[in-house]
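Let me give you the structure first, and then I'll get to my questions.
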Amino acid sequence: MHIAIAGNIGSGKTTLTKMLSKRYGWKPRFESVDFNPYLDDYYKDIKRWSFPMEVFFLKERFKDLIEISESKDDIIQDRSIYEGVYVFTASNYAMGNLDERDYQTYMELFEDMTDIVRYPDLMIYLRAPVSHLVANIEKRGRDYEQKMPLDYLENINKRYEDFINCQYKGRVLTIDVDELDYEHEPKDFGFITDKIDRVLFGLF
C-alpha cells in the first residue's frame, strides 16, 4: 500500500506522516528538503535557481516512486511527485521563474517518468489557511523559510485546490487541519485515523 500526504509548506505533513507511520506500521518516506543543495540559493534568487531546484526535487521523488513500487512494505510518503509538479513547478512557471524551454523540458521528463508508475492508493490532503501555515513555519524555525512572502503561500494554496479538485485523478481524502492539533490532542488524531479507516478499510 502507498499513502501520500499532500499539503502546503507548514501544513503539518511531516508530523502526520510520522504519527500515521507509528499508528499503522507503515514505513515513512520523507522528501529531501533539508538536503537539497539548491534550496538556500533558490530563496535568495528564485529565478536563477528554479530550474535546477525543480529538477533535483523531481529526481528525488522519482527515485522514491521507483523504490516504493518495488517495496513489499506499506509506505507513507511525505509529499508526492504529482503535487511537486502540478503545484510548485507550475507556480514557478506561472510567475516567470521558469522559461518556456525549461518548463517544457521538465514536463516531458515528468510525463516520461510517470508513465511507468501508478498513483498512490490514497492521497491525504491537509488543507490549511495561510495563518495556520505561517504559525507552523515560524515554530519550526528554518531560516530559508522565514522570508517567504504571504502571497506566495496564498498562491500555493490556490494551486493545491486546483490540483486536488481538477488535475489529480487518484483517490483523495481532504482534511481541514486549521482547528485540529493532532500532534497534541488524541481526539484530533483519532478524528483523522477514523477517516482513514473508513476510506481504506471500510470501517465504521
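The values are calculated or read from the model by the stated rules, or taken from the named source; none is laboratory data. This one's a predicted model, so the numbers in the text were calculated from it and none came from an experiment. Positions of Cβ are generated from backbone atoms using ideal geometry, with glycine treated the same way; all protein chains shown enter the neighbour counts. For accessibility, only protein heavy atoms count, side chains too; no ligands or nucleic acids. Shrake-Rupley method; radii C 1.70, N 1.55, O 1.52, S 1.80 Å.
What do you reckon, is Ile175 assigned to a helix (DSSP H, G or I), in contact (Cβ under 8 Å) with a residue 12 or more places away in the chain, aliphatic (A, V, I, L, M) and open to solvent by less than 30 Å² (accessible area, probe 1.4 Å)?
no
Check off (1) of a type outside the set (Val, Ile, Thr); (2) touching a helix residue (DSSP H, G or I) at 6+ places or on another chain (Cβ under 7 Å); (3) modelled with pLDDT under 90 for Gly7 and give me the number that stays unchecked.
(3)
Of a type in the set (D, E, K, R), modelled with pLDDT under 95 and touching a strand residue (DSSP E or B) at 6+ places or on another chain (Cβ under 9 Å) - does that describe any residue in the stretch 33-49?
No, the conditions are met nowhere in the stretch 33-49.
Name the single residue that is surrounded by the most Cβ atoms within 10 Å (Cβ to Cβ) among those in the stretch 77-89 being more than 9 Å from the chain's Cα centre (by Cα) and within 13 Å of Met53 (Cα to Cα).
Only one residue fits best here, namely Thr89.
Additional query: Inside the stretch 164-174, can you point out the residues that are touching a helix residue (DSSP H, G or I) at 6+ places or on another chain (Cβ under 7 Å) and at pLDDT below 95?
Result: Gln167, Tyr168.
Quickly run through the stretch 36-67 and pick out the residues that are buried (at least 19 other Cβ atoms within 10 Å of the Cβ) and of a type in the set (Asp, Glu).
Glu54, Asp64
Can you tell me which residue in the stretch 136-151 is nearest to Glu179 (Cα to Cα), limited to those that are open to solvent by 50 Å² or more (accessible area, probe 1.4 Å) and at pLDDT below 75?
Residue satisfying both the conditions and the ranking: Arg140.
So, in the stretch 96-109, how many residues would count as being under 20 Å from the mean Cα position of the chain (by Cα) and surrounded by fewer than 18 Cβ atoms within 10 Å (Cβ to Cβ)?
Within the stretch 96-109, residues that are under 20 Å from the mean Cα position of the chain (by Cα) and surrounded by fewer than 18 Cβ atoms within 10 Å (Cβ to Cβ) number 2.
For Asp112, are the conditions met, namely being of a type in the set (D, E, K, R), open to solvent by less than 80 Å² (accessible area, probe 1.4 Å) and free of Cβ contacts under 8 Å to residues at least 60 places away in the same chain?
The answer is no for Asp112.
From the list Leu126, Leu133, Leu122, which one is surrounded by 13 or more Cβ atoms within 10 Å (Cβ to Cβ) and at pLDDT below 95?
Leu133
Additional query: What number of residues in the stretch 1-35 are among the β-branched types (Val, Ile, Thr), within 19 Å of Tyr168 (Cβ to Cβ) and open to solvent by 10 Å² or more (accessible area, probe 1.4 Å)?
Here the count works out to 1.
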